[in-house]
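The values are calculated or read from the model by the stated rules, or taken from the named source; none is laboratory data. All values reported here derive from a predicted model rather than from experimental measurement. All Cβ positions, glycine included, derive from the backbone under ideal geometry; neighbour counts span all protein chains shown. The accessibility values were calculated without ligands, DNA or RNA, using every heavy atom of the protein model including side chains. Shrake-Rupley method; radii C 1.70, N 1.55, O 1.52, S 1.80 Å.
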Amino acid sequence: MTLVKAAVVVLDCAEPEKLAEFYRELLDGEQTDASANLVGIRGGDGVRLAFRRDVNATPPSWPRPENSLQAHLDFLVEDLDEAERRVVGLGGRPIETKDAAGPYEERGYADPAGHSFTLRLVPTTAPKQG
């Protein structure tokens, strides 16, 4: 019998309702629960996130060492440019604008509360040669 039934990544923020809406829209998801201090969502692919109210929350400052990275999310996408337009349209902002060369192209962003996340290009699988 499985002891743990599900895993949820919880991000602290000052306004959980607003941050939950950002990720719900980004992940084509649905709100699963809400209380005065916590809002949960499930993305279209099943990923579960929750946002906990912390009136003293300060945005992470990654990559600077003071108040640095508290949590980091990676999202796999098929089109980096399209995903970036969606992130920015929802209120996110780029924090790493250079493209990484190679099969693992990625770009870094911050959500409206300042948590960093990465959009990573899903590597294409080519047939073996020879």
Looking only at the stretch 14-41, how many residues end up being open to solvent by less than 70 Å² (accessible area, probe 1.4 Å) and closer than 15 Å to Gly91 by Cα? 9
Unique match (being open to solvent by 30 Å² or more (accessible area, probe 1.4 Å), modelled with pLDDT under 95, within 14 Å of His115 (Cα to Cα) and not in a loop (DSSP other than H, G, I, E, B)) among Arg52, Arg64: Arg52
Every residue in the stretch 26-49 that is at negative phi, out of contact with any helix residue (DSSP H, G or I) (no Cβ under 8 Å at 6 or more places or on another chain) and either among the basic types (Lys, Arg) or not in a strand (DSSP E or B) (or both), please. Leu27, Ser35, Ala36, Arg42, Gly44, Asp45, Val47, Arg48
